[in-house]
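Colleague: What follows is a single structure, and I will ask about it in a moment.
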Amino acid sequence: MRDLRLTRGLSQNALAETLGVSRQTINAIENERYDPSLPLAFAIARVFNLRIEEIFIPDFC
């Protein structure tokens, strides 16, 4: 997700504000310390105009 964010010129703070979460949440997702809820994953996908599967890869793959 970090690459997508940087490619679009978004800071962690700007993305967090768009999604209604904290910057720390974005940081934790990018560093794989936190898995977003399904509603948050859908919101992230919407921001990047991608499918969830194009952003997040499950551990079992």
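The values are calculated or read from the model by the stated rules, or taken from the named source; none is laboratory data. Quick caveat: nothing in here was measured; it's all calculated off a predicted structure. Cβ: placed from backbone, ideal geometry, glycine included. Neighbour counts: every protein chain shown.
Colleague: Would you mind telling me which numbered condition in (1) outside any helix (DSSP H, G or I); (2) at pLDDT 95 or above; (3) not basic (Lys, Arg) residue 58 fails?
Modeller: Condition (2) is where residue 58 drops out.
Colleague: Give 45, 41 a once-over and let me know the one that is free of Cβ contacts under 8 Å to residues at least 12 places away in the same chain, outside any loop (DSSP other than H, G, I, E, B) and of a type in the set (A, V, I, L, M).
Modeller: 45
Colleague: Could you list, in sequence order, the residues of segment 13-45 that are touching a Lys or Arg at 6+ places or on another chain (Cβ under 9 Å) and more than 16 Å from residue 57 (Cα to Cα)?
Modeller: 13, 14, 15, 16, 17, 26, 27
Colleague: Also: How many residues does segment 22-33 hold that are outside any helix (DSSP H, G or I) and modelled with pLDDT of 95 or more?
Modeller: Total satisfying the criteria: 3.
Colleague: Could you list, ordered by first residue, the pairs with Cβ atoms under 7 Å in which the first is in segment 1-28 and free of Cβ contacts under 8 Å to residues at least 12 places away in the same chain and the second is part of a loop (DSSP other than H, G, I, E, B) and small (Gly, Ala, Ser), at least 6 apart or interchain?
Modeller: 16/22
Colleague: Output the residue which, of all residues in segment 11-61 that are hydroxyl-bearing (Ser, Thr, Tyr) and either under 13 Å from residue 1 (Cβ atoms) or touching a helix residue (DSSP H, G or I) at 6+ places or on another chain (Cβ under 9 Å) (or both), is surrounded by the most Cβ atoms within 10 Å (Cβ to Cβ).
Modeller: Ranking the candidates gives 25 first.
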